[in-house]
Amino acid sequence: MAESLTPAETLAAALAAPKRSKRDGVEMEEHSLPDLIEAAKYVAQLKLAAGSRRRPPIRLQKMRPPGAV
């Protein structure tokens, strides 16, 4: 089973790999750097948006009328 990589690890691996390679008659080209940078910005925005969706904690109090013990 293949390991699942985080988006940051995937982008780091894509940046480390060459843009174009040719082996045994097979040519391969990766995404351009501006596309990878935009993808990194998008992932960062998703992480920021996911962290900001927290609700404030609920305060629970027992209501007591004045004069009650």
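Laboratory data are not the source of any read-out in this text; all were calculated from the coordinates shown. What you see is a predicted model; the values in this text were computed from it and never measured. Neighbour counts are summed over all protein chains in view; Cβ atoms, including those assigned to glycine, are modelled from backbone coordinates with ideal geometry.
What is the mean projected area of the alpha carbon convex hull for the chain, to one decimal in square nanometres?
On the way: hull surface 38.9 nm².
If you wrap the Cα atoms of the chain in a convex hull and average its projections, you get 9.7 nm².
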In nm, the gap between the two label points placed 7 Å beyond Cα toward Cβ at LEU60 and ALA17 is 5.1 nm
With Cα atoms, 0 to 90° folded angle of helix 33-51 axis to the chain main axis
10 degrees
Relative to the longest principal Cα axis of the chain, at what angle does helix 7-16 sit, 0 to 90 degrees, rounded to 10?
20 degrees
Can you list the lysines whose alpha carbon is less than 21 Å from that of LYS41, not counting same-chain residues fewer than 8 positions off?
LYS19
